[in-house]
Amino acid sequence: MESEKLKTILYLFYSESKAAMNGRRSMPPSSYMDYHKAASWSLKWWIFVIRLKIWIMQLVFLTKIYKQLLRKSFELPDRFTFPFMFKSCASLGSCYLGKQVHGHLCKFGPRFHVVTENALIDMYMKFDDLVDAHKVFDEMYERDVISWNSLLSGYARLGQMKKAKGLFHLMLDKTIVSWTAMISGYTGIGCYVEAMDFFREMQLAGIEPDEISLISVLPSCAQLGSLELGKWIHLYAERRGFLKQTGVCNALIEMYSKCGVISQAIQLFGQMEGKDVISWSTMISGYAYHGNAHGAIETFNEMQRAKVKPNGITFLGLLSACSHVGMWQEGLRYFDMMRQDYQIEPKIEHYGCLIDVLARAGKLERAVEITKTMPMKPDSKIWGSLLSSCRTPGNLDVALVAMDHLVELEPEDMGNYVLLANIYADLGKWEDVSRLRKMIRNENMKKTPGGSLIEVNNIVQEFVSGDNSKPFWTEISIVLQLFTSHQDQDVITNNNALAFIGIV
């Protein structure tokens with residue numbers, strides 16, 4: 001129901017904005033239908049719609065005044081007018097009007113006014129127009145920190161971190177906004193090591209983290225398993241009073257869950273006062289991550305008793321929890337509940353989890369049936385889940401169908417061929433096993449090298465098989481050889497081990 005309300009509100013926003021921008025006083029008939037549909041809403045939703053409508057009317061009223069100023073007044077727009085107009089165009093999502101106002105700025109002036117040009121850069125960045133934003137930036141006579149941060153934040157938000165980094169290093173005055181943009185940008189594209197490096201550099205530069213920068217770096221701690229840094233952030237947030245911020249607590253709960261300290265996540269969750277849907281969903285996902293389906297289900301029941309409406313991520317956590325322990329009936333129930341009780345349209349991730357639940361529980365026929373009838377095309381994760389569940393005898397047909405799709409989707413993934421070879425081996429089909437092994441050799445397929453992460457002194461070191469580019473690699477190899485030789489002779493002691501570690 002929540003998602004349907006939001007869809008209706010967004011449609012009303014679009015309809016009224018378009019109607020007002022076109023000079024119509026009334027809405028199209030379809031908008032009246034949406035208001036009629038919303039007649040049963042609660043008071044809080046109507047207050048939200050009224051506030052949204054007032055906000056739209058204010059923005060549109062501002063644009064009308066601006067147009068009248070151009071048509072009837074002898075006075076031209078000045079440096080006080082243009083910043084408000086650019087902000088209004090950005091808020092209304094009207095790129096066409098924004099470019100028109102930019103043209104008026106070029107025609108009427110004032111040129112080289114930093115506040116106006118900053119507003120113009122911000123508008124283009126909100127339209128994802130990096131070319132025009134950078135053009136305005138390049139032509140600025142004077143730039144302040146807002147100019148740099150606006151452009152930097154836009155590049156980081158769109159994941160263009162190479163350009164963002166180049167711009168960042170050109171900045172003379174780096175603020176907390178600058179550092180946070182870099183941290184958030186690297187986290188957003190999955191470059192977690194780089195995000196943590198920037199977080200440390202920010203501290204070395206004497207910039208104290210705020211709650212936004214903490215929320216930006218904590219997902220990187222979670223993904224890399226950097227528990228020590230995560231604990232430090234927790235203590236820092238507690239000392240600065242940031243634990244009152246729901247977003248900080250949510251990020252800490254996710255970090256503790258993914259770093260293997262579920263007890264700390266549970267404790268922090270229990271101490272939270274203002275839990276939102278993200279808080280509940282994060283805790284449910286944390287239980288699922290640790291294979292505790294009963295904890296996830298009980299948390300969901302508490303969420304319902306607290307009258308917090310779940311979202312798609314909530315049900316993704318529930319389905320994942322059911323998958324870990326083979327609770328296929330509960331998985332089907334939650335999948336149906338999501339659609340029927342909460343009108344949440346399942347995404348491919350939900351179908352993938354449901355198919356995994358059924359496949360792991362041995363309900364392959366049901367899983368294949370859902371794969372055929374789901375409204376979107378199954379991805380490699382879904383076919384891979386089916387393939388890995390076919391190791392029991394008698395499921396070769398399903399395995400071959402899954403493999404055909406996997407060859408099409410990810411032809412160079414050697415792991416799929418190894419899985420199929422294992423299925424053939426379980427069935428005693430050694431000729432097929434030999435054929436697959438020859439195919440792997442002839443196609444020069446490469447297996448993704450294994451790796452591990454080790455955190456020492458709040459710094460995460462990644463070791464990848466075959467990579468000898470690490471500092472002190474020679475010393476590390478010598479110590480490993482010493483450990484191996486002593487283990488083979490069964491004479492290694494704890495004291496010796498500590499001494500060897502000291503060498504590194």
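Read-outs throughout are calculated quantities, based only on the coordinates presented, and are distinct from any laboratory measurement. Treat the numbers as computed from the prediction; the structure is a model and nothing was measured. Neighbour counts run over all protein chains shown; Cβ positions are idealised from the backbone, glycine included.
Looking at the P(r) of the stretch 126-234, how many percent of alpha-carbon pairs lie beyond 19 Å? Of all Cα-Cα pairs in the stretch 126-234, 42 percent lie more than 19 Å apart. Does the stretch 237-396 classify as rounded, prolate or oblate by the C-alpha gyration tensor (a ≥ b ≥ c root eigenvalues; a/c under 1.5 gives rounded; else a/b over b/c gives prolate, otherwise oblate)? Taking the square roots of the gyration eigenvalues as a ≥ b ≥ c, the stretch 237-396 is prolate. Residue farthest toward the positive end of the dipole of the stretch 109-263, with Cβ of Lys/Arg at +1 and Asp/Glu at -1: which of Cys259, Met182, Asn149? Of the listed residues, the answer is Cys259. Roughly speaking, what is the centre-to-centre gap between the stretch 162-198 and the stretch 363-434 when only Cα atoms are used, to the nearest Å? Between the Cα centre of the stretch 162-198 and that of the stretch 363-434, the gap is 42 Å. For a quick check of your reading of the filter: which GluC sites (Glu not before Pro) in the stretch 170-273 sit in a DSSP loop and have no more than 12 other Cβ atoms within 10 Å? Those satisfying the criteria are Glu273. Here the gap between Gln203 and Arg437, fully extended at 0.36 nm per residue and compared with their Cα-Cα distance, gives a gain of 79.1 nm.
When only alpha carbons of the stretch 181-274 are considered, Rg and Dmax amount to 12.4, 36 Å.
Taking 0.36 nm per residue of separation and subtracting the Cα-Cα distance, full extension of the segment from Phe108 to Val418 would add 104.7 nm.
Here the stretch 324-390 is described by how far its Cα atoms reach on the three principal axes: 33, 26, 17 Å, from widest to narrowest.
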